[in-house]
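Here, each number is a calculation from the coordinates, and none is a lab measurement. Since the structure is predicted, the reported quantities are computational estimates derived from the model, not experimental observations. Here the Cβ is made from the backbone with ideal geometry for all residues, glycine too, and neighbour counts use every protein chain on show.
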Amino acid sequence: MPVLRAVCVPSSVVERVWLAVSLAIAMRIVRKTSHIKTLAMLLAGLLLPAAGLAQQPIIPLQLSVSDPGARSMGFGGAFVALGDDATAAFANPAGLVQLVKPEISIEGRWRSYSEPYTQAGRIEGQPSGIGIDTLDGLKSAKSHEDITGLSFLSFAYPLENWSLAFFRHEYARHEFAAHTQGLFGTGSACCQPRYVDQRATSELDFLSYGFSAAYRITDEFNVGLGLVYHDASLVGNVAQYLPDDDTPQSRYLVNSYLPERLILSQRSAGAETGVTFTGGFLWRPSERWSVGGVYRQGLEMRYRVEARAGEAVDFGVPPGEVILRGMADPIDLPDIYGAGIAYRHPDGRFTVSFQWDRIRYSSIPRSIDLDDQTIDDSNEWHLGAEYVFLGSTQVVAVRLGTWLEPDHQMRATTAEPFVRALLPPRNDEWHYSAGVGFAMQRFQIDFAVDVGDRLSTVSLSAIYNF
């Protein structure tokens, strides 16, 4: 590591005055914008700065839109044109009319998240070679979390031309932790600005409880409708720090996140409930082919933000006192459209299914009038196949699938270098899945894995009919 040398920086007094003024201006701006942006990103599995300053961290969260059940996962999520078990209560309620006996379905999932974020490096310009300012470009790190729990539970009851179902679905559960420090920008020959260092954590729980009903209009065409009650909670914490002391050398050293160097802390929390609806259809023009479609309405959510003063900057109140409290405007979580087609071989051994999902992520920035970030609507493509080994009392099925998860993170549209550094576009990601199922007279058990770069999932589900 190069030897530290003296650099030209503002005196500690001038620097603190400048920082206090900047913070005061930022606090006025955040009342209208920043806390709303935080809400949008946290709830939609996107990337967005999460504090009131220009120097802000990334807090990505996943909002799963995948269908429940290990069988669906083995198909790569291409299940809307099949929907032939109790998980159809969520995937496509019109499929419930295919059931001939009451069914109970239960699923547990293990999820492994590896969420990247910008950790350190050069936003622009060349590294000075002093202390930790040695990186040419940005350095990314990953927040890794493993989460296990009950993912889906449903009860379906078929009648003559009707089928009814109740379900509980874990729409999303995610934790995130990150620290960002040592981000440098271009300055004068003597002064290299360092953006404020930060630590961030967040936790999301998003449960859905639903009632679905399906009706057989004809032997070939069925429709379904579901009402879904959502119970979502999200807590995010961000703390921003000055370097360990006011010396010029400290600007180029690792930050120890000392309590007395805390500028401010922000807590963002939301606990929202609401009801949305789902509609679907299933058409079987022949015994070999089936076509399905589904629509899921997005939830409207509100969010509250609270910022507290730290010890490092004088906000005119004692450290720990609230300097900002406000309620975010409601944002629109994305509506989802899905359509699929499936083919079954006449002997029942082979099935192949294809599905397209359209997810309207653009509703998030549009609902809160963002002008320097955006999200594109996403087209997901799912393909899967199943082969069944018949001829015994225990039927064995093997499945393979794949699906494309397009980049659906918030990305910067401004030319401002810092925002672009924190909100870069990502690459699309292919997922690959495999599964196996065992079916007996009244009981079926399925196992599947879905492997991706940022998210991998293992599912174990069981269905009992009586």
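What the table below lists for this structure:
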read-out: Around Glu429: net Lys/Arg minus Asp/Glu count, Cβ-Cβ under 10 Å; value: -2
read-out: Region 352-406 - percent relative contact order, Cα under 8 Å, separation 6 or more; value: 35 percent
read-out: Sequence-distant residues sharing a close amide H with Arg426 (under 5 Å, placed H); value: Gln409
read-out: Residue order, fewest to most beta carbons within 10 Å, for Glu306, Glu416; value: Glu416, Glu306
read-out: For region 250-266, 3J(HN,Hα) per residue [Karplus equation, 6.51 cos²θ - 1.76 cosθ + 1.60, θ = phi - 60°, Hz, x = Gly/Pro]; value: 5, 4, 10, 10, 5, 7, 8, 6, 6, x, 6, 9, 5, 7, 7, 10, 10
read-out: Cut-off under 5 Å, modelled amide H: who pairs with Asp197 long-range; value: Tyr241
read-out: Value of Rg to Rh for region 85-140 (Rh from inverse mean 1/r over Cα pairs, i.e. Kirkwood); value: 1.57
read-out: Dipole in debye (nearest 20) - region 12-465, about Cα centre, beta carbon charges: Lys, Arg +1; Asp, Glu -1; value: 220 debye
read-out: Relative contact order %, region 12-465, counting alpha carbon pairs below 8 Å whose residues are six or more apart; value: 18 percent
read-out: Relative compactness, region 12-465, computed as alpha-carbon Rg over 2.2 N^0.38 Å; value: 1.12
read-out: Local net charge near Ser286, Cβ-Cβ under 13 Å (Lys/Arg +1, Asp/Glu -1); value: 0
read-out: Cβ-based net charge around Gly121, under 11 Å, with every Lys or Arg adding one and every Asp or Glu removing one; value: -1
read-out: Projected label distance in nm at Leu258 and Phe466, using a 7 Å step from Cα toward the beta-carbon; value: 6.6 nm
read-out: Relative exposure of Thr402, Thr148, Thr218, judged by other C-beta atoms within 10 Å (fewest first); value: Thr218, Thr148, Thr402
read-out: Region 322-466: relative contact order as a whole-number percent, Cα under 8 Å and 6+ apart; value: 16 percent
read-out: Taking Val317, Val388 and counting other C-beta atoms within 10 Å, the order from fewest to most; value: Val317, Val388
